[in-house]
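The values are calculated or read from the model by the stated rules, or taken from the named source; none is laboratory data. Only a predicted model underlies this, so the values are computations on that prediction, with no experimental measurement involved. Because the Cβ atoms are built from the backbone with ideal geometry, glycine has one as well, and the counts that use them run over all protein chains shown.
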Amino acid sequence: MSDPRYILAKYVPNLGRMEPRNIGVFLWHKGRFQARFLEPSDATFVKSRGNFNRWVQYWNELIKGEHIEVPGEEPIPRKSEACLDALVKSQKGEYLLVDGGFVPSKLSVKDMPKAVSYLFNELVAYPDSTDKRAARRNLKDRCGHVLRRTGVVERADFHKRYPVRCSVYGVSRHLHFHYGLGNGSPVALLQRVTLSHEPSVNSSALMFHALTDTATLAKDRCAALIQGSDIAGETAEEGRALLSQLCQVIDVEHESDAAEQIDSLAV
């Protein structure tokens with residue numbers, strides 16, 4: 001059996017006169033398919049939203065059967081790698097499929113959803129896609145719930161959008177953290193970080209580095225609030241590793257543990 005292989009779906013506006021845009025990815029492994037496409041609300045660059053939806057629906061239906069059946073071609077069993085070549089022929093006009101390559105052979109079938117999410121985030125997703133906006137909303141809601149559970153929101157020195165003046169590479173800046181404890185001087189600072197959104201990681205890392213580098217606040221008084229479910233690829237893994245060098249990293253999806261960590265931080 002061949003290594004897992006993926007195919008990219010592309011939108012080519014004006015029939016090739018503009019740069020193609022990746023709109024989805026198919027992953028094939030051991031006769032199984034997983035696919036993921038941009039949400040219609042994120043495909044703002046397509047000329048016809050209806051046509052986009054029809055192609056996505058067509059491709060999703062095509063990979064459900066036991067054979068890949070493209071008009072004018074012999075049906076190819078889904079268990080055969082040759083079905084990928086048949087799939088690539090299911091394109092027309094502005095909607096194209098191209099062979100993407102292979103992923104490590106150690107991939108198991110049960111890991112395919114996670115793998116296709118990784119490919120999607122790395123190759124398809126745009127900086128402010130629906131998935132990433134939803135991740136930020138979910139993170140904000142979970143953080144609020146955990147903070148209320150700890151009771152710190154009732155403290156007189158608890159503040160949202162806590163400003164701290166700090167030197168950043170020699171320039172005095174006001175850094176605004178999502179949550180802080182302390183009146184006048186910070187006692188603890190917490191920042192929501194969406195690991196699947198690289199700018200969120202990078203900006204938060206810069207803020208925490210500035211705090212500890214200038215001795216404004218110790219590392220053990222700083223916390224990045226994250227969701228473990230956002231870790232679905234190398235970028236998110238690297239983000240978590242970076243943050244762990246600069247502050248505490250608290251996974252708010254594990255509410256009891258997160259509440260204990262925040263209680264400890266807030267002493």
- [ ] Looking at (1) in a loop (DSSP other than H, G, I, E, B); (2) at pLDDT 90 or above, find the lone condition where Met1 falls short.
- [x] (2)
Open item on the list: Can you find a residue that is acidic (Asp, Glu) and surrounded by 13 or more Cβ atoms within 10 Å (Cβ to Cβ) anywhere in region 54-68?
Closed with: no
- [ ] Please work out which residue is modelled with the highest pLDDT, limiting yourself to region 97-110 and to residues that are surrounded by 15 or more Cβ atoms within 10 Å (Cβ to Cβ) and within 15 Å of Ala35 (Cα to Cα).
- [x] Leu97
Task: Unmet requirement for Gly65, which otherwise passes all of (1) in a loop (DSSP other than H, G, I, E, B); (2) out of contact with any strand residue (DSSP E or B) (no Cβ under 9 Å at 6 or more places or on another chain); (3) under 16 Å from Val124 (Cα atoms) - done: (3)
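Among His174, His145, which is more than 26 Å from Asp257 (Cβ to Cβ) and surrounded by fewer than 15 Cβ atoms within 10 Å (Cβ to Cβ)? Can you show your working first?
Values: His145 fails: more than 26 Å from Asp257 (Cβ to Cβ).
Residue meeting the stated conditions: His174.
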Open item on the list: What's the total number of residues in region 5-37 that are modelled with pLDDT under 90 and either not assigned by TED's automatic domain parsing to the domain that holds Ile68 or not basic (Lys, Arg) (or both)?
Closed with: 8
TODO: Say whether the condition of being touching a Cys at 6+ places or on another chain (Cβ under 8 Å), closer than 15 Å to Lys140 by Cβ and in the same structural domain as Asp141 (by TED's automatic domain parsing) is met by at least one residue in region 225-237.
DONE: yes
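Just to be sure before I move on: is Val88 among the β-branched types (Val, Ile, Thr) and within 24 Å of Leu195 (Cβ to Cβ) in the structure I sent?
Criteria not met by Val88.
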Open item on the list: Among the residues of region 53-60, are any part of a helix (DSSP H, G or I), free of Cβ contacts under 8 Å to residues at least 12 places away in the same chain, more than 21 Å from Tyr118 (Cβ to Cβ) and assigned by TED's automatic domain parsing to the domain that holds Ser117?
Closed with: yes
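Looking for whichever is in contact with an Asp or Glu (Cβ under 9 Å, 6 or more places away or on another chain) and among the basic types (Lys, Arg) here; the options are Arg78, Arg32. Which one fits?
Numbers: Arg32 fails: in contact with an Asp or Glu (Cβ under 9 Å, 6 or more places away or on another chain).
Criteria check complete, one pass: Arg78.
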Task: Positions within region 37-52 being in contact (Cβ under 8 Å) with a residue 12 or more places away in the chain and either in a loop (DSSP other than H, G, I, E, B) or within 14 Å of Phe26 (Cβ to Cβ) (or both), in sequence order - done: Phe37, Leu38, Glu39, Ala43, Phe45, Val46, Lys47
Task: Filter result for Ala125 (over 23 Å from Ser48 (Cβ atoms), surrounded by 13 or more Cβ atoms within 10 Å (Cβ to Cβ) and either in contact with a strand residue (DSSP E or B) (Cβ under 6 Å, 6 or more places away or on another chain) or at pLDDT below 90 (or both)) - done: no
Open item on the list: If I ask for residues that are in a helix (DSSP H, G or I), free of Cβ contacts under 8 Å to residues at least 24 places away in the same chain and not hydrophobic (A, V, I, L, M, F, W, C), which ones from region 69-122 would you list?
Closed with: Asp85, Lys110, Asp111
Open item on the list: So, in region 239-267, how many residues would count as being free of Cβ contacts under 8 Å to residues at least 12 places away in the same chain and in a helix (DSSP H, G or I)?
Closed with: 6
Task: Meets criteria (in contact with a Gly (Cβ under 8 Å, 6 or more places away or on another chain), surrounded by fewer than 21 Cβ atoms within 10 Å (Cβ to Cβ) and modelled with pLDDT under 95) for Glu234 - done: no
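Kindly indicate which of Val201, Val164, Val152 is outside the structural domain of Leu119 (by TED's automatic domain parsing), under 15 Å from Arg136 (Cβ atoms) and at pLDDT 90 or above.
Numbers: Val164 fails: under 15 Å from Arg136 (Cβ atoms); Val152 fails: under 15 Å from Arg136 (Cβ atoms).
Being outside the structural domain of Leu119 (by TED's automatic domain parsing), under 15 Å from Arg136 (Cβ atoms) and at pLDDT 90 or above holds for just one of Val201, Val164, Val152, which is Val201.
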